[in-house]
Amino acid sequence: MKKSGFIAIAGRPNAGKSTLLNHVLGSKVSIVTPKAQTTRERVLGIFTEPQGQMIFIDTPGIHRAKEGGINEYMMAEVKEALKDVSAVWYIVDPASASKHEQPVLDLLRGVKAPVFILMNKMDLTGKTFAVSNIVNFENELQAACKELGIDVQGIHPISALKGKGIDPVLEASWNLLPEGEFYYPDEDQLSDRPTKYFVAEKVREQLFLQLGDEIPYCCAIEIDRFDEKVTPPRIEATIHVERDSQKGMVIGQGGAKIKAIGQAARAEVEEFLGQKVFLGLKVNVLKDWSRDAETLKRLGYVLPSDKPTQRSKKKNKPTQKTPLADTGARSGEKAGTAAPKVASQVTPKVSPKVTSTKRPA
Ligand SMILES: Nc1nc2c(ncn2[C@@H]2O[C@H](COP(=O)(O)OP(=O)(O)OP(=O)(O)O)[C@@H](O)[C@H]2O)c(=O)[nH]1
Ligand SMILES: [Mg+2]
């Protein structure tokens, strides 16, 4: 019988969670930027191997969030991800200090699953932190976990960026996974999200990369149109900002900024989908969207507790193939070189469905 189960990837903002997920999958399922709190929602990375299916849940960085609004939503997403998992990969940036880890430890103390502490960014040893720091950091973390009853399976030095030190963690994690049916029987499927989610994320990634500190946090993306009946497929999206002044900054002098954001996002989308697309962006002021519960819902930021149906990690394991329209990124032909399978796989009612990225050989 094959193994099948969930692993949550958790930790403080900017620790390298999404980088690690992308490395394991060999595909850019989760966006990565140098700014903290890039990831806003849970996203699954489905890793199907001969021995079984390990489903990673990338999560937003854990921080103390004010009540209400997008930050509370982000933390609710983390809490949901930590339920019913076989293990937690707890990612730590050793350039930080153990005292800053308290919000993470507070969440992990309620988790029964074993925890792997992964000291990331080891390629920066001697640059952003000294070896002696790591030793202290590890000792302090271990002591704190012991006191809180967190079941630490081990501490591993890794580099998510360079792909170093990850194999032993994977091996130990396979051992913790229960035997069972695959949750995602389509072995090529890489994520649970529809394609338009990934398009919106590629746009958001460019906002983080190309705009000043505050602005990206005030932006939400809505895909207005995804028409694959035309060639190239036509995607239209709105960047919602919270205030008029932000609108001007996203558009830039003579529209230069929005043009650059659009070009870079389009290139990323094209690589992800393995085909040319048209991407049109517009900017709209949606006053205080990040604080208004109803607007957040409209934008898809629905609290896990408010979602009508949820895939239980323990029960209701699907034995049928997941319907195409429910699923997102898949492995397939090599991105950028593939003959894309687009229109034939799209179910118009729901979000578009395309072949996207390739699992590494
Ligand atoms: N040098 C180095 N940089 C890394 C490593 N892992 C991640 N990074 C960098 O750290 C930054 C944050 O990486 P992310 O993967 O977005 O971090 P995250 O934990 O997902 O962040 P949030 O989504 O904001 O919580 C990016 O600039 C990455 O390139 C690593 O092993 N070494
Ligand atoms: Mg992330």
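Structural remarks
- The set of residues from region 18-35 being in contact with a strand residue (DSSP E or B) (Cβ under 7 Å, 6 or more places away or on another chain) and near ligand 1 (Cβ under 6 Å from one of its atoms) comprises just one member, 18.
- Selection status of residue 53, more than 19 Å from residue 188 (Cβ to Cβ) and surrounded by fewer than 23 Cβ atoms within 10 Å (Cβ to Cβ): no
- The residue pairs whose first member lies in region 23-44 and is under 27 Å from residue 303 (Cβ atoms), whose second member is more than 10 Å from ligand 2 (Cβ to nearest atom) and of a type in the set (Ser, Thr, Tyr), and whose beta carbons are closer than 6 Å, counting only pairs six or more residues apart or on different chains, are 29/191; 44/191.
- The listed residues are 58, 93, and the only one of them that is out of contact with any Phe, Trp or Tyr (no Cβ under 8 Å at 6 or more places or on another chain), farther than 26 Å from residue 175 by Cβ and either within 16 Å of ligand 2 (Cβ to nearest atom) or not assigned by TED's automatic domain parsing to the domain that holds residue 148 (or both) turns out to be 93.
- Within the set 179, 228, 205, 268, the sole residue that is surrounded by fewer than 17 Cβ atoms within 10 Å (Cβ to Cβ) and either in the same structural domain as residue 71 (by TED's automatic domain parsing) or acidic (Asp, Glu) (or both) turns out to be 179.
- When residue 18 is tested against (1) more than 8 Å from ligand 2 (Cβ to nearest atom); (2) modelled with pLDDT of 95 or more, exactly one condition is not met: (1).
- Members of region 130-157 found to be assigned to a helix (DSSP H, G or I), buried (at least 17 other Cβ atoms within 10 Å of the Cβ) and modelled with pLDDT of 95 or more, listed by number: 137, 138, 141, 144, 145
- Any chance residue 46 is buried (at least 22 other Cβ atoms within 10 Å of the Cβ), closer than 28 Å to residue 264 by Cβ and either in contact with a strand residue (DSSP E or B) (Cβ under 6 Å, 6 or more places away or on another chain) or not assigned by TED's automatic domain parsing to the domain that holds residue 144 (or both): yes
- Looking only at region 102-129, residues that are touching a Pro at 6+ places or on another chain (Cβ under 9 Å) and assigned to a loop (DSSP other than H, G, I, E, B) come to 3 in all.
- Among the residues listed as 88, 78, 111, the single one being in the same structural domain as residue 128 (by TED's automatic domain parsing), in contact with a strand residue (DSSP E or B) (Cβ under 9 Å, 6 or more places away or on another chain), away from ligand 2 (no atom under 16 Å from the Cβ) and within 23 Å of residue 307 (Cβ to Cβ): 111
- Among residues of region 36-58 being assigned to a loop (DSSP other than H, G, I, E, B) and more than 7 Å from ligand 1 (Cβ to nearest atom), the one that is nearest to residue 290 (Cα to Cα) is 40.
- Residues in region 60-90 that are within 19 Å of residue 19 (Cβ to Cβ) and in a helix (DSSP H, G or I): 74, 77, 78, 81.
Residues are listed down the side, and each one gets a yes or a no for (1) under 24 Å from residue 28 (Cα atoms); (2) without any contact (Cβ under 8 Å) to a residue 24 or more places away in the chain:
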residue: 214; (1), (2): no, yes
residue: 218; (1), (2): yes, no
residue: 253; (1), (2): no, yes
residue: 268; (1), (2): yes, no
residue: 289; (1), (2): no, no
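- Residues in region 156-175 that are over 12 Å from residue 122 (Cα atoms) and touching a residue at least 40 places away in the same chain (Cβ under 8 Å) were compared, and the one that is farthest from ligand 1 (Cβ to nearest atom) is 174.
- Cβ separations smaller than 6 Å between residues 6+ apart or across chains give the following pairs from region 3-20 residues that are without any contact (Cβ under 8 Å) to a residue 60 or more places away in the chain to residues that are near ligand 1 (Cβ under 6 Å from one of its atoms): 13/36; 13/37; 13/61; 18/32; 18/39.
- Residue match in region 144-155 (condition: of a type outside the set (Lys, Arg), without any contact (Cβ under 8 Å) to a residue 60 or more places away in the chain and within 16 Å of ligand 1 (Cβ to nearest atom)): yes
The values are calculated or read from the model by the stated rules, or taken from the named source; none is laboratory data. A quick note: this is a predicted structure, and the numbers were derived from the prediction, not measured. Cβ: placed from backbone, ideal geometry, glycine included. Neighbour counts: every protein chain shown.
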